[in-house]
Structure formats: C-alpha cells, structure tokens
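The values are calculated or read from the model by the stated rules, or taken from the named source; none is laboratory data. Predicted model, so just to flag it, every value in this text is computed and none were measured. Cβ placement follows ideal geometry from the backbone for every residue including glycine, while neighbour counts extend to all protein chains displayed. Calculation scope for accessible area: heavy atoms of the full protein, side chains included, ligands and nucleic acids excluded. Shrake-Rupley method; radii C 1.70, N 1.55, O 1.52, S 1.80 Å.
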Amino acid sequence: MAKPIHLYNTLTRRKEEFEPLHAPAVGMYVCGPTVYGDPHLGHVRPAVTFDLLFRLLRYEGYKVRYVRNITDVGHLENDADSGEDKIAKKARLEQLEPMEIAQYYTNRYHEFMDRLGVLRPSIEPHASGHIIEQIEMTRAILEAGYAYVSNGSVYFDVQKYVSDGHNYGVLSGRNLDDMQSGGRSEDFETEKRFPADFALWKKASPEHIMRWPSPWSDGFPGWHLECSAMSAKYLGETFDIHGGGMDLMFPHHECEIAQSTAAQGHASARYWVHNNMVTIGGQKMGKSLGNFITLEQFFTGDHALLSQAYAPMVIRFFILQAHYRSTLDFSDEALQAAEKGLERLTKAWNILASGKIKPAAASTIPSPASLLAECEEALCDDLNSPVAIAKLFDWVRHVNALNDGTLSATAEDIQTLRNTFDRILGDLLGLTPEITAAAAGNDRLGGVVDMVLEVRQQAKAAKDWATSDLIRDRLATLGIRVKDRKDGADWELD
C-alpha cells in the first residue's frame, strides 16, 4: 500500500495530503525550457525537483503521465508581450532557421538532463506543434467574454475577469493595484485596455519570422497560452499537479489559471508545486541577468567561478542537499563540499554492493530495517531529500565499521542495508555509484591498485615487511591511502 504523500500546495499556501483525482493514475504537468541556449544551473533545479517527485510517485505505485513542454515559440524578451521572440532573435543572430535553433538546444537539453539522471517525461509537447489548440482556446476565451481583439492581437481582459468575481492573484497573492504596470507602456497605449492584460495571440510584425494564420491575424500565440492548451489536451481540463520554478508563479502560472478558468469555467491543476530559485551572490541565476553558469561549464570547469570540473551526479546531489522550497545559493566551495559528501555516501554504497562484508551470526549494528521506511517517510513529507540524505549519512560510519571488521552484521541485515541504499540513492534520488570525476574515471586505476595491493598482501604473507611498507608508502605519495583490514586492505583517494 502506498504511503501518503504530502506536498506544499502554493494555491492554498499549506502542506496537504496528495489525493489524485483518479488513483492510481496521476497527471503532472511541468513547465519545461525555452530552447534558445544551453541549460544552466537554474534549469537543473526544476528538472531534478520534479524528477524526484516523478520517481517518488512511481515508487509509491502510481501510474504517472508526466507532461513537460518545450517552449519553441511565443516567449518574448523580458517575459513581456512585446519585443522579439527569444528563439527568433537567436536565429537571426546566428543566421539559422528558428526551428533549427529550437531543435539544436532541445537536443542539448536532453543530453545534459540524461547525464544528470533526469528521466524523460511521458509526453514532451512543443508549443509550435499545438497552434490549433491554442487558437481554439483563444476563441473559447473570446466567446466567454474575457478577451478582446486589438489591432490583430488578442488580449485577456483582466478587469472583466475580476469584475465577474474571479481572483486574478489567487496563486501569487498579488492584487490588481500591484499589476498596474503589468504590461509595457507601448502595448498599453496602442493595444491594451489595461496594463495587466496579457496576450493570447500576437499579430506578427513584418519582420517576425515565426507566424501562423489565425482568425485575427498572421501571428503567434502568447507565451502563457501554450501551457493551458497543452495541459488540457494531454491531462484533461482538471488534473493533479502543475509544477515549475517559483519565478513562473507570476505572471506565467497566474495567467494559466485565468485562461483555463475563462475557457473551461474552472481552473486546471489541483496542486501547484514550485521549487525555489538558484542564486549566485544572493541574486537569481538566469540568462536575462547574464550571471549563469552552463552545465557544460560545470562539467568542464571552464568558468572563472569554478576551481575544477564537476561530475553530473555532484550537481544533482548539490541540488538534492537543499529542500526544493528553500533558496539554493551557488558557490564553488558548496560544490566542493557536495562532492566530498557524495564521495562518502558512494564509498559506503560501493562497499555494500561489492559483497566484501562478511556476514556474521549476529549483528552488532543497529537494526537497519527501519532505515528504508524513515527515508521514504522523509521524501513523502514534501520531498524532504535533505532529511533522507542525512539518515543515510548516519549509516555511513556503520558501513565503514562493518568493512573494517570492528562491527558485524547478519547476511539479512547486510542485504537490507544494501537494498535501502539502492532504493533511496538509486531509485528515488536518481544517483549512480559513478559520482565524481575521480570515481567515474578511475575504473582502470582501481583495477591496477587492487592488483598492487594483492602483491602487497602476498609480501605480508611472506613476512616481507619492507616490500609491504614500500608499496603502501609509494601509493601514499600518489594520493592513494591504504587502509589495512583483518582480511586484506582497502584504498581511497586523498
């Protein structure tokens, strides 16, 4: 029987028990990337956060339809209703077709997310592939009286929506007075009736590359509309979970709720889940601010703020060490600490997987039977990955003691412990044993060191202490520390 999962619902501003509409089926929609550049650390956090939720739901026995979109049209500069399309601008600068830009960076996004252990969604719709659905939703909103046509563009009528008793601000907590400057002045003066009105459909200017025919003009859909249209198409008018970064809460998700309510008569998602931001020096990391570090730069170390390259699993672990609703501030020192912490966990995990621990008739360790339940309970409590990780760290010293022979465990306890590490670190947290550049790239080195230690063991057996000490000391000068045990020796990199 599945354990109850509790999630913080931004819509109600409280943690609630998750109860799907049609259990065991779960519908989850998450806002994906706008594909006009390489992904950076700010893109990793929502990807990893909702990958963790996806994994947890499936682990608890739910059948999840996970929809994560690709924005390849309609996302204008500065997230406003005017300016150039981000992808079209990149295409113009590089003298390429916009879809060539979108495809290239979609491929790059997939490549990097795969390396980070992020599972592919069930469906990955593209905004450009759902123009018909977006036109139909715009038509429905117009027919309901919550939109108007202006100079070939269609805008959502926020004042009419509010005057009819709807709460535009139900998600973000903003009120209409705070939104007086919701649109750029040129839009307000020439097309919009009210500054907070937002575009459902934009008439394309003569130089605009990406355009489609519609009843109102040759143009393109507004950025907010795509998610309302695609979530309704693949998950139904009402579905379980809508996720994304906290920076999307307003205006993007607020507009989604208004659009869906206007077109359907009710809102779409029942649980709205938002991850907090990645910051750098206390400021949000993002392309628009120019303070981002791409994943490729993390993997190569080619950035002024990085002292070294970091393996994908270190980046993933760095994200998971913080609760998804807390701010995560980047620093090179924090990544180094995450790398060391992950190496400790990985070493214990590898010891359990190696079969080197000899079972005993009785255990002198605490019973590991409750560890899996405790970690699972932490993750079911609003994805509390830091608590789950802390509980595993508590057991690292026991695993090391078992390996050293200073503690003992029965075969059943050893297997239980191994299964727990496999399920929590592997199945749920999505980590793999090949963690750091040192660990991932040194399989051959490991084989050589093991062979040298076998020679050393033979020397010890022959009481050739000089050779035994020479091998140990020479390995130490290479940064390889030898740890003698009762039945052999282990090694680790300093």
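Accessible surface computed residue by residue for the chain, with neighbouring protein chains in place and a 1.4 Å probe, gives 43 Å² per residue. Among the lysines, select those whose C-alpha is under 23 Å from the C-alpha of residue 347, and discard any that sit fewer than 8 residues away in the same chain. Hits, sequence-local ones excluded: 356, 358, 391, 483, 486.
Taking 45, 474 and ordering them by how much accessible surface each has at a 1.4 Å probe, largest first, produces 474, 45. Net length available on complete extension from residue 484 to residue 136 is 118.1 nm, with 0.36 nm assigned per residue and the Cα-Cα distance removed. If R0 is 56 Å, the Cβ-Cβ spacing of residue 448 and residue 237 corresponds to a FRET efficiency of close to 0.35. Here the mean projected area of the convex hull built on the C-alpha positions of the stretch 193-241 is 5.1 nm².
Translational diffusion coefficient of the chain at 4 °C, 1.567 mPa s, Stokes-Einstein with Kirkwood Rh over Cα pairs, in µm²/s as a whole number.
51
Computed extension gain for residue 423 through residue 469, at 0.36 nm per residue and net of the alpha carbon distance, reaches 12.6 nm.
Volume per residue of the convex hull around the Cα atoms, evaluated for the stretch 211-361, comes out as 214 Å³. Extending 7 Å from the Cα toward the beta-carbon at both residue 337 and residue 93 defines two label points whose distance is 3.5 nm. Pairs of Cα atoms nearer than 8 Å and 6+ residues apart set the relative contact order; for the chain it is 15 percent. In the context of the full protein assembly, residue 5 retains an accessible surface of approximately 0 Å², using a probe radius of 1.4 Å and ignoring ligands and nucleic acids.
Taking 0.36 nm per residue of separation and subtracting the Cα-Cα distance, full extension of the segment from residue 111 to residue 307 would add 68.2 nm. Nonpolar atom fraction for the chain, defined as the carbon and sulfur part of the 1.4 Å probe accessible area, stands at 50 percent.
Per-residue accessible area (protein heavy atoms, 1.4 Å probe) orders 15, 86 as 15, 86, starting from the largest. Using a probe of 1.4 Å, the accessible surface attributed to residue 477 totals some 110 Å² when neighbouring protein chains are kept in position.
Of the three principal axes defined by the Cα atoms of the stretch 1-79, the extents in descending order read 46, 25, 23 Å. With both labels modelled 7 Å from their Cα along Cα-to-Cβ, the residue 432 to residue 22 distance reads 3.5 nm.
Only helical runs count toward this figure. For the chain, summing -39,500 (n - 2.57) over DSSP H runs of n ≥ 4 and dividing by all residues gives -13500 deg cm²/dmol at 222 nm.
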